[in-house]
Amino acid sequence: MKAIISNPPFVVFDAETIERQYRRLRDYLDQAYPKSRIFYALKACYLPPVVNKLIKIGCGLEIVTPAEHAIACHFGLKSDCILWNGPSLGIETLQGIAERGEILNVDSPWLFHLLEKLANKLGKRVSVNLRLNPSGEGRLGMPPDQAESLLKRSHGVEVNGLHVHLGRGRRFESIALAEKQRFLEIAARWEKDMSLRLQSINLGGGLTVGQTPEMTLGSLIQQLKQLRSTPELFLEPGAYLVEEAGTAYARIVSTKTIGEARWAMLDIGANFLIPLDRNSFQIVGAGPVGGTDKVQFGGPFCFEADIIAREQPVTVEPGDIVRVVRCGAYTESLSSYFFSAPPRVFWRDGDVTKELHRKTSPVDLFLAHHGYPVES
Ligand SMILES: Cc1ncc(COP(=O)(O)O)c(C=O)c1O
């Protein structure tokens, strides 16, 4: 590891951190609501050892595309461990889901009606969950009144569960809990007024990384326990399981001051450390922590959004190697060949650290990705 550290930039994903996060959540659920299952939101990180680890310790997969389904198949997951979301699943995809009996959260009445036609064609009843959008925020799920009208239909598609997930980020943070509380109120009302029997309630992802599961889920589970049908609880965490498992090592290449702002420029940037408003990368420096000298960290690219972290209380010197922590989620999976190839990636499991899928130099990778010939 020492030889690797002197040669940044690179990223390490750590098996023990993933297992720790999973155990925290599983242990909490085992005492608070044992009838529950965890489906890892695959989009958070696709790296094979990460996904393999999560499946081995007990997760199913939450997926959205046929490409993600191919990963679930690669790991030999059974149909009841594969859970689909998605606002624009095509007819062939829906047919495959129905035939294989995988779990499906239906995003719109349009998709529900497509499924009715499919059920008719296949001559079998199809069981689904409805994805609700109680607040009217965002573009995913369906308003409760539209969903309610689907409960009354009996054209081969049976509603057995309800789902809610609101994206993370500044826009949704303040309403996330209220959204889920409202969702559970609706579920209770439909049990009573519509005789809906709920086999599952899915509270989506969005578990806050730095908090205990009890803090994010405690009050919701109390509410869930009031439901008559005692449904199974499904959760779809992404970041909670993998964000803290990823650490980037990068070198400070240069420093400068613009106006009041002190900047340190690193050799890793927005083709891996994606500037999403949900991400919260933090810098751990080589030198002493603290002081009044708060530093902004940017990446190497000529692209204003290439900002990694602001107001970091660390001492910076060009040449120092720093760690960028909390970068395991929505980084590798969104990485691109913008400006250069993404950084080298390593997998650490206990004492063993190995490099993943790098067969050629970063420049050759970059050239090949953009369609240029590469010698050798
Ligand atoms: C439907 C759904 N479930 C779960 C997740 C995972 O969210 P998080 O990583 O915030 O836990 C996402 C993320 O976009 C999602 O769209």
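A few comments on the model shown:
- Residue check: ASN129 meets all listed conditions (1) buried (at least 20 other Cβ atoms within 10 Å of the Cβ); (2) in contact (Cβ under 8 Å) with a residue 40 or more places away in the chain; (3) more than 20 Å from GLU232 (Cα to Cα); (4) not basic (Lys, Arg) but one, namely (3).
- Residue match in region 79-87 (condition: exposed (fewer than 13 other Cβ atoms within 10 Å of the Cβ) and at pLDDT below 95): no
- Filtering region 4-44 to residues that are polar (S, T, N, Q), free of Cβ contacts under 8 Å to residues at least 60 places away in the same chain and farther than 20 Å from PHE272 by Cα leaves only GLN31.
- In region 291-315, the residues that are farther than 9 Å from ALA264 by Cβ form Cβ pairs under 7 Å with partners that are of a type in the set (Val, Ile, Thr) and not in a strand (DSSP E or B), at six or more places apart or across chains, as follows: GLY291/THR315; GLY299/ILE268.
- Subset of region 190-207 (residues that are free of Cβ contacts under 8 Å to residues at least 60 places away in the same chain, of a type in the set (A, V, I, L, M, F, W, C) and within 16 Å of the ligand (Cβ to nearest atom)): ILE201, LEU203
- Residues in region 150-202 that are β-branched (Val, Ile, Thr) and over 26 Å from GLY218 (Cβ atoms): VAL157, VAL159.
- Condition met for TYR46 (part of a strand (DSSP E or B) and within 16 Å of the ligand (Cβ to nearest atom)): no
- Counting residues in region 271-292 that are of a type in the set (Val, Ile, Thr), assigned to a loop (DSSP other than H, G, I, E, B) and in contact with a strand residue (DSSP E or B) (Cβ under 7 Å, 6 or more places away or on another chain) gives zero.
- Screening region 219-257 for residues that are assigned to a loop (DSSP other than H, G, I, E, B) and within 16 Å of the ligand (Cβ to nearest atom) and picking the one that is farthest from the chain's Cα centre (by Cα) gives GLU236.
- Leading residue by the ranking (modelled with the lowest pLDDT) among those in region 163-189 that are more than 13 Å from the ligand (Cβ to nearest atom) and either touching a strand residue (DSSP E or B) at 6+ places or on another chain (Cβ under 8 Å) or of a type in the set (A, V, I, L, M) (or both): ILE175
- Filtering GLY138, GLY156 for residues that are in contact (Cβ under 8 Å) with a residue 24 or more places away in the chain and under 26 Å from the mean Cα position of the chain (by Cα) leaves a single hit, GLY138.
- Looking only at region 105-120, and only at residues there that are touching a helix residue (DSSP H, G or I) at 6+ places or on another chain (Cβ under 8 Å) and over 21 Å from LEU235 (Cα atoms), the one that is nearest to the ligand (Cβ to nearest atom): LEU111
The values are calculated or read from the model by the stated rules, or taken from the named source; none is laboratory data. Everything numeric here is computed off the predicted structure, so don't read it as measured data. Positions of Cβ are backbone-derived with ideal geometry, glycine not excepted, and every protein chain shown enters the neighbour counts.
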